1. Just for helices (runs of 4 or more DSSP H) wholly inside the stretch 298-386: which have at least 3 residues that are in contact (Cβ under 8 Å) with a residue 40 or more places away in the chain and acidic (Asp, Glu)?
2. Determine which member of the set SER190, SER260 is farther than 29 Å from HIS378 by Cα and not assigned by TED's automatic domain parsing to the domain that holds LEU145.
3. State whether the residues of the stretch 226-245 include one that is free of Cβ contacts under 8 Å to residues at least 24 places away in the same chain and touching a Gly at 6+ places or on another chain (Cβ under 7 Å).
4. Looking at THR306, THR290, THR338, which one is buried (at least 19 other Cβ atoms within 10 Å of the Cβ) and of a type in the set (Val, Ile, Thr)?
5. Of these, ASP75, ASP89, ASP105, which one is within 22 Å of GLY234 (Cα to Cα), assigned to a helix (DSSP H, G or I), modelled with pLDDT under 95 and out of contact with any Ser or Thr (no Cβ under 9 Å at 6 or more places or on another chain)?
6. State all residues of the stretch 255-264 that are surrounded by fewer than 15 Cβ atoms within 10 Å (Cβ to Cβ) and either in contact (Cβ under 8 Å) with a residue 24 or more places away in the chain or assigned to a loop (DSSP other than H, G, I, E, B) (or both); if no residue qualifies, say none.
7. Can you tell me which residue among GLY219, GLY234 is within 26 Å of the chain's Cα centre (by Cα), within 25 Å of PRO43 (Cα to Cα), in the same structural domain as GLY85 (by TED's automatic domain parsing) and surrounded by fewer than 15 Cβ atoms within 10 Å (Cβ to Cβ)?
8. Within the stretch 265-294, how many residues turn out to be out of contact with any helix residue (DSSP H, G or I) (no Cβ under 9 Å at 6 or more places or on another chain) and either in a helix (DSSP H, G or I) or in contact (Cβ under 8 Å) with a residue 60 or more places away in the chain (or both)?
Amino acid sequence: MTEPVTRRTPGKEPRISTGVPGLDDVLCGGLTPSRLYLLEGTPGTGKTTIALQFLREGAARDERALYVTLSETSDELRAAAATHGWSLDGIDLYELVDEMGLDPDSEQSILHPSELELGETVKDVIARVGETKPDRVVFDSLSELRLLAQNPLRYRRQILALKRFFAKRACTVLLLDDKTSETGDVQLHSIAHGVISLDQMAREYGSERRRLRIVKMRGIKFSGGHHDFALETGGIRVFPRLIASEHHAAFDPVAKSTGSAELDLLLGGGLVPGTNMLLLGPSGVGKTTTAVRCMKAALERGETATYYLFDEGLATLMTRAATLGMDLRPHVESGRLTITQIDPAEVSPGEFATMAREAVEKRGSSVVVIDSLNAYLHAMPGEEFL
């Protein structure tokens, strides 16, 4: 019996969350449901982690989730999830290759292996989807399917057949590709509704930098270009590229005191909200002291501040400020002052921009100090356009 085709009104589809913090912002709301998407990246970039976050988000919303794997076992997937503190309860894990597939007696020799194995693989996927009726599906990975197909035309036809099959069942599908095929194989880019590309770059110093880019996404607006992301315990977090013009807030542009009457006189009344002040000078002239004095004046008015420390240790800054009669500890203890020490080459530009944005938008910081600009630039090696 043929199942009825699920029809949706064009332009009326809701958006669904990917389950990855920051990625929905890059996609300006999330994914269009009931579409097929390609998630590509070399081994180790975080494809499986994003896939698991995508399915866990669905399970948390009482959606049916299916993970079809040709490359990893169920035990390996559960172990990987456990490292993040996750449970895969509510997610159906289906291994297409089991012990029978490794049995020499089960191999056939009359037909070419690809003629039988690819057909059986696709048939197994269709059967499992028919049984579980999932809302979200992950297929990991396409490399094995591509090898079984033997030629690009047959591979493309099978992917098209799977796309139509999933579309009729209102499934949102994530296809994983580890890009181990020959260079220039972009068969899926034209078939998939959207393509998300992951990459990681080893740097001469510090940890590798991970980036994400939306190659294409039909029918929706998204933020283009590269976006940094971090793969840590607890999953992947994407740091959307900061576009200043998208963030506006109303404020009173009246100058506020720096805490020094003489400096206020030089500045025409003090520091004006919504502006930047650059303190220039050789080492030892008092740049940090001036910045701390201006920040402390704001704290004494009841404002909130954030201090990013690149040049020296936190203990050194606190001790020096206290020696000069500007004890910062009470403000730190009250929660109105946050001092963050940044380690060189450990934070990407996107992550730092997100930290500064959250300091302003979530913690309400009216004063942000970056000490120093040169150290900030040197902490991002290889970023000649920063």
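The values are calculated or read from the model by the stated rules, or taken from the named source; none is laboratory data. On a predicted model such as this, the values are computed, not experimentally measured, just so you know. Ideal geometry is used to build each Cβ from the backbone, glycine not excepted, and the neighbour counts take in all protein chains shown.
1. It comes to none.
2. SER260
3. no
4. It is THR306.
5. Unique residue meeting the criteria: ASP75.
6. Once the filter is applied, which keeps residues that are surrounded by fewer than 15 Cβ atoms within 10 Å (Cβ to Cβ) and either in contact (Cβ under 8 Å) with a residue 24 or more places away in the chain or assigned to a loop (DSSP other than H, G, I, E, B) (or both), the stretch 255-264 yields only ALA255.
7. GLY234
8. Qualifying residue count, the stretch 265-294: 5.
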